[in-house]
1. Quick one: which strands (runs of 3 or more DSSP E) sit completely within region 1-84 and have at least 2 residues that are surrounded by 21 or more Cβ atoms within 10 Å (Cβ to Cβ) and under 16 Å from the mean Cα position of the chain (by Cα)?
2. Being among the polar types (S, T, N, Q) and touching a strand residue (DSSP E or B) at 6+ places or on another chain (Cβ under 8 Å) is the filter; apply it to region 43-78 and report the residue that is nearest to LEU23 (Cα to Cα).
3. Taking only pairs six or more apart or across chains, which ones have beta-carbon atoms under 8 Å, a first residue in region 83-102 that is under 21 Å from LYS118 (Cα atoms) and not assigned by TED's automatic domain parsing to the domain that holds ASN54, and a second residue that is hydroxyl-bearing (Ser, Thr, Tyr) and not in a helix (DSSP H, G or I)?
4. Got a number for residues in region 54-74 being among the acidic types (Asp, Glu) and over 25 Å from ALA156 (Cβ atoms)?
5. Search region 42-68 for residues that are at positive phi and pair each with any residue that is basic (Lys, Arg) when their beta-carbon atoms are under 9 Å apart and the residues are at least 6 apart or on different chains.
6. Which ones in region 121-135 are closer than 14 Å to GLN97 by Cβ and of a type in the set (S, T, N, Q)?
Amino acid sequence: MAYTLKINGGSHVIDADGDTPLLWVLRDLLRLTGTKFGCGMALCGACTVHQDGNPIRSCVTTIDSVGDAEIMTIEAVGSLPAGVEVQKAWLDVEVVQCGYCQSGQIMSATALLATNPKPNDTDIDEAMSGNICRCGTYVRIRQAIKHASVALATNAGKG
């Protein structure tokens, strides 16, 4: 069956079964391979994308459930002010080790800062809960989110 999905600002007609996970549409049909497969059960966060600005797990989100929602992947997150600052902060703080989970981490952090530009540690812990990093870079992830928060506040003051 044909589905029209709004992804990264574009419209894509997808010919697939309705119960096909969004993750596989992104990776296999659209070749947007920044979103990663981790567990397939929405437990690790590697497949996190935004649906209308909210972080979701694409491995368990079927394409027939997406409807008219706007999907954003790691490939487009840099179009958001919070996404720009999170990506910069990830580099400045040197968060990444193996990097496998980082697209999901960045998507969750960006969604947090888009709705809460000055999160405290509890806010960060709650927003990042369910994003697993096998390398254990959690301390640097928290530092990077705080770094991005300061940069967002500084840039907001310039506008």
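The values are calculated or read from the model by the stated rules, or taken from the named source; none is laboratory data. On a predicted model such as this, the values are computed, not experimentally measured, just so you know. Here the Cβ positions follow ideal geometry from the backbone for every residue, glycine too, while neighbour counts run over all protein chains shown.
1. Of the strands (runs of 3 or more DSSP E) lying wholly inside region 1-84, those with at least 2 residues that are surrounded by 21 or more Cβ atoms within 10 Å (Cβ to Cβ) and under 16 Å from the mean Cα position of the chain (by Cα) span 48-51, 54-57, 70-72.
2. Among those residues, the one meeting the criterion is SER58.
3. VAL95/THR137
4. Start the filter on region 54-74 by keeping residues that are among the acidic types (Asp, Glu), which leaves 64, 68, 70.
Now narrow it down to the ones that are over 25 Å from ALA156 (Cβ atoms): 64, 68.
The qualifying residues number 2.
5. Correct list of pairs: ALA42/ARG57; GLY45/ARG57.
6. The answer is none; no residue qualifies.
Yes/no per residue for (1) in contact with a strand residue (DSSP E or B) (Cβ under 8 Å, 6 or more places away or on another chain); (2) of a type in the set (A, V, I, L, M, F, W, C):
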| residue | (1), (2) |
| --- | --- |
| TYR3 | yes, no |
| ALA16 | yes, yes |
| ASP19 | yes, no |
| ARG27 | no, no |
| ARG31 | no, no |
| THR35 | yes, no |
